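The values are calculated or read from the model by the stated rules, or taken from the named source; none is laboratory data. Here the structure is a predicted model, which is why all the values come from computation and not from measurement. Glycine also receives a Cβ, built like all others from the backbone with ideal geometry; neighbour counts cover every protein chain displayed. To get the accessible areas, we keep the full protein, side chains included, count just its heavy atoms, and leave off ligands, DNA and RNA. Shrake-Rupley method; radii C 1.70, N 1.55, O 1.52, S 1.80 Å.
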Amino acid sequence: MDQPEAAQARTLAGEVAKLIQTFEADSSLTDAQQTIDSLTVMRTELLEFAANPADDRLRRGVQAHITNFIGLTRQAAQQAG
């Protein structure tokens, strides 16, 4: 059961890495450095969870990151129009 979650965490970490690259490439985006820092922490913790999917502390952290990620995505969509 933990292996599919680990694979999903690695996949999401890859998507977060793409977002980091987007913000690094366009520093005109709102709060670019703060967002890069937050996404970097998210990616690191996703990879830690992927390596240790049975760790409940990491699981709770990943759940919080996913919730925040969804919120940021909605906010960005609203700002984009």
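The number of residues in the stretch 38-54 being hydroxyl-bearing (Ser, Thr, Tyr) and at pLDDT below 90 comes to 1. Count of the stretch 55-68 residues, restricted to those that are closer than 15 Å to ARG10 by Cα and either surrounded by 12 or more Cβ atoms within 10 Å (Cβ to Cβ) or touching a helix residue (DSSP H, G or I) at 6+ places or on another chain (Cβ under 7 Å) (or both), is 6. Taking each residue of the stretch 8-34 that is among the aliphatic types (A, V, I, L, M) and looking for partners that are modelled with pLDDT of 90 or more and open to solvent by less than 40 Å² (accessible area, probe 1.4 Å) with beta-carbon atoms closer than 6 Å, six or more apart or interchain, yields ALA9/LEU46; ALA9/PHE49; ALA9/ALA50; LEU12/LEU46; ALA13/LEU46; VAL16/MET42.
The set of residues in the stretch 1-31 that are among the small types (Gly, Ala, Ser) and not in a loop (DSSP other than H, G, I, E, B) comprises ALA6, ALA7, ALA9, ALA13, GLY14, ALA17, ALA25.
Based on what the data block shows, is ALA77 in a helix (DSSP H, G or I), without any contact (Cβ under 8 Å) to a residue 60 or more places away in the chain and surrounded by 12 or more Cβ atoms within 10 Å (Cβ to Cβ)? Judged against the criteria, ALA77 is not a match.
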